[in-house]
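> The structure under discussion is supplied below as structure tokens; questions concerning it will follow.
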Amino acid sequence: MKYYSTNKKAPLASLHEAVVKGLASDRGLYMPQKIKALPKEFFDHIQDLTFQEIAYRVADAFFGEDVEASSLKQIVYDTLSFDCPVVKITDNIYTLELFHGPTLAFKDVGARFMARLLEYFIRQEGKEQVNVLVATSGDTGSAVANGFLGVEGIHVYVLYPKGKVSKIQESQFTTLGKNITAIEVDGVFDDCQALVKNAFMDEELNNHMKLTSANSINVARFLPQAFYYFNAYARMKQLGKAENMVMCVPSGNFGNITAGLFGHQMGLPIKRFIAANNANDIFYKYLQSGKYEPKASLQTIANAMDVGNPSNFARIYDLYGGRHDLITKDISGATYTDKEIREAIASCYQATGYILDPHGACGYRALKEGLKEGETGVFCETAHPAKFKETVESIIGNEVKIPARLAAFMAGKKQSIELKNDFSEFKALLLGE
Ligand SMILES: *Cc1c(COP(=O)(O)O)cnc(C)c1O
């Protein structure tokens, strides 16, 4: 299958090209040329299938033309070495827990899939090593580093700003070793990003080594997120709760919800979607006014959603042919201040004992306020509350237990290379000088 750019000026790309390039040459986002509908028989029996079986059917629709069947199956099964279960919170509100992966957030699914797909392409072509460069302000680095950990033929360089990343986050990408190199830059996140951009533009460097990014807009990170929406539906159907199902997604860059919308186009019977925002309300405002007006991002306690110009808006816009009326028919919005997020965490804990993280709290609150008569809501719990331990404990007045796999990171030995904010030094490091 070919991939086109949302800006429509770049040439069509193969899956392999789209994965290696990430962004199209006209700076648009890649979209698959076809979104194949899955047959009715699949949905009729979906409740009898496992998560991995469901995910493979979805993966086959997107990648089956480009990846040999047994390899694709293996990539999917390897990616989903953990579950994404649905858990009941109240009679009509359920949560899809997406934090059971290695770094306790949903980005594990896309990162693990992309790493394995890239490995497949490298093996097939017998190519030299591929180097993934990623700048992170915290969470992306850990998902990418763990996703690619131990994957053959790939080396990952994670650049992060010294002293500006929480200890928990830092431990998740500096303690890994193997094919992961953590680089602690004497600067801020933007400096890290600039170093990575300069590397991609440096001709000498690109002649010497194969460089690629693992940005969240990459099709191989973005599309696999559709898998768990089908699983949510299947598990709700098993419970007899799939009629009038509303899916609510805490959103920042809008990749996660867009993958759900792709699922919807493939026939997944979800009645409607809610995009829950923190105070960064650009999409919410767009739904109200039809005007898309990016802004500088605001800092909030749900910081993985602090995005002032969500990249995947371009994909949603393209998917609906730019029709505001069609977009608002499928998606409604919500926006919450930090105070409202705190209230949601506190009230959910008091009423049900369930501990939300600040991102999932936006989703819970949006369902609490937005569900209509006869609807059942499922919100994505996008991270484990222990990743935001201090914040959450101060709200619920109780301890948040740290899962063993997170504690293991925190007990690991930090291995990182210090780097001045200087491109020639970075280049020398990459070239092994
Ligand atoms: C990345 C992230 C989000 C936002 O997801 P998008 O796909 O960017 O909308 C929400 N919650 C958590 C915990 C995240 O890490």
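> Pulled fully out, how much extra length does the chain show between Gln415 and Ser25, if you take 0.36 nm times their separation in residues and subtract their Cα-Cα distance?
Value of the extension gain: 136.9 nm.
> Hey, quick one: spin label on Ser394, modelled 7 Å out along Cα-Cβ, who in the stretch 292-335 has an amide N within reach, i.e. under 17 Å?
299-304
> Further question: Scaled to the compact-protein estimate 2.2 N^0.38 Å, what is the alpha-carbon radius of gyration of the stretch 1-72, rounded to two decimal places?
Values: Rg = 14.7 Å, N = 72, 2.2 N^0.38 = 11.2 Å.
Against the empirical 2.2 N^0.38 Å value, I get 1.31 for the stretch 1-72.
> Still on this structure, I have one more. Sum up the charges of everything whose Cβ sits under 12 Å from the Cβ of Lys197, counting Lys and Arg as +1 and Asp and Glu as -1, but leave Lys197 out.
Values: positive: none; negative: Asp190, Asp191, Asp202.
Local net charge: -3.
> Alpha carbons only, please: Rg and Dmax for the stretch 149-300, in angstrom.
For the stretch 149-300, the Cα-based Rg and Dmax read 19.7, 60 Å.
> Could I ask something else about it? How many angstrom lie between the Cα centre of the stretch 76-138 and the Cα centre of the stretch 331-359?
25 Å
> What fraction of the DSSP beta bridges in the chain is antiparallel, stated in percent and rounded to the nearest 5?
20 percent
> Next up: Using θ = phi - 60° and the Karplus curve 6.51 cos²θ - 1.76 cosθ + 1.60, what whole-Hz ³J(HN,Hα) does each residue of the stretch 44-59 get, with Gly and Pro shown as x?
In residue order, the calculated couplings are 4, 10, 4, 5, 8, 9, 7, 3, 5, 5, 4, 4, 5, 4, 5, 4 Hz.
> Pick from Val134, Val58, Val87 the residue whose mean-square fluctuation is largest in a GNM of the chain, springs joining Cα atoms under 10 Å.
The residue that fluctuates most here is Val87.
> Still on this structure, please answer the following. Which lysines have a Cα less than 21 Å from the Cα of Lys34, not counting those fewer than 8 places away in the same chain?
Of all the lysines, those that pass the test against Lys34 - Cα under 21 Å, at least 8 places apart if same chain - are Lys2, Lys8, Lys9, Lys21, Lys73.
> Any idea how far apart Lys197 and Asp338 come out in nm if each label point goes 7 Å out from Cα toward Cβ?
2.8 nm
> Something else about it: Taking the Cα atoms of the stretch 302-433, what is the range of coordinates along each of the three principal axes, in descending order and whole Å?
Here the Cα extents, ordered largest to smallest, are 65, 47, 24 Å.
> Tell me, what HN-Hα J-couplings in whole Hz come from the Karplus equation 6.51 cos²θ - 1.76 cosθ + 1.60 at θ = phi - 60° for each residue of the stretch 191-204, using x for Gly and Pro?
Residue by residue, the stretch 191-204 yields 5, 4, 5, 5, 4, 5, 4, 4, 4, 5, 8, 7, 4, 4 Hz.
> Hey, for a label at Glu68 modelled as a point 7 Å past Cα toward Cβ, could you say which residues of the stretch 100-136 have their backbone N under 14 Å away?
120-126
> What is the diffusion coefficient of the stretch 117-190 in µm²/s, taking the Kirkwood radius over Cα pairs and the Stokes-Einstein relation at 10 °C with a viscosity of 1.306 mPa s?
Estimated diffusion coefficient is 126 µm²/s.
> If you don't mind, another one. Using the Cα atoms of the stretch 32-80, I'd like the radius of gyration and the largest Cα-Cα distance, Dmax, both in angstrom.
11.1, 30
> How big is the C-alpha Rg of the stretch 1-130 next to the rule-of-thumb value 2.2 N^0.38 Å, as a ratio?
So the stretch 1-130 has a normalised radius of gyration of 1.20.
> May I ask for the Rg/Rh ratio of the chain, computed from Cα atoms with Rh as the Kirkwood radius, given to two decimals?
Rg/Rh for the chain comes to 0.94.
> Using alpha-carbon positions, what is the distance between the centroids of the stretch 206-276 and the stretch 29-49, in Å?
Centre-to-centre distance over Cα atoms comes out at 12 Å.
> On full extension of the chain, what length is gained from Leu431 through Lys167, given 0.36 nm per residue of separation minus the C-alpha to C-alpha distance?
Result for the pair: 92.1 nm of gain on full extension.
> List, in order, the whole-Hz ³J(HN,Hα) value for each residue of the stretch 317-328 obtained from phi through the Karplus relation with A = 6.51, B = -1.76, C = 1.60 and θ = phi - 60°; use x for Gly and Pro.
So the Karplus estimates, Gly and Pro as x, are 4, 5, 4, 9, x, x, 8, 4, 5, 6, 5, 6 Hz.
> For the stretch 338-396, state which GluC sites (Glu not before Pro) are in a DSSP loop and have at most 11 other beta carbons lying within 10 Å of their beta carbon.
In loop regions of the stretch 338-396 (DSSP not H, G, I, E or B), the sparsely surrounded GluC sites (Glu not before Pro) are Glu373.
> Would you kindly state how much longer the chain becomes between Lys178 and Asp325 on full extension, computed as 0.36 nm times their sequence separation minus their alpha carbon distance, in nm to one decimal?
Gain on extension, Lys178 to Asp325, equals 47.9 nm.
> Compute the distance in nm between two label points, each set 7 Å from the Cα along the Cα-to-Cβ direction, one at Glu41 and one at Ala407.
Output for this residue pair reads 4.9 nm.
> Please sort by residue number the trypsin sites (Lys or Arg not before Pro) in the stretch 287-345 whose DSSP state is loop and whose Cβ has at most 16 other Cβ atoms within 10 Å. Please report the intermediate quantities before stating the final value.
Working: sites: Lys291, Lys295, Arg315, Arg323, Lys329, Lys339, Arg342; in loops: Lys291, Lys295, Arg323.
Here the trypsin sites (Lys or Arg not before Pro) that fit, given the DSSP loop and packing criteria, are Lys291, Lys295, Arg323.
> A further question on this structure: Mean separation of Cα pairs under 8 Å and 6+ residues apart, divided by the residue count of the chain: what relative contact order is that in percent?
That works out to 18 percent.
> Place a label point 7 angstrom from the Cα of Phe423 along the Cα-to-Cβ direction, then list the residues of the stretch 151-177 whose backbone nitrogen is under 16 Å away.
none
Quick note: the coordinates plus some simple rules give every number you see, no bench work behind them. Since this is a predicted model, take the numbers as computed values, not measurements. For neighbour counting, all protein chains shown are included, and Cβ atoms are generated from backbone atoms with ideal geometry for every residue, glycine included.
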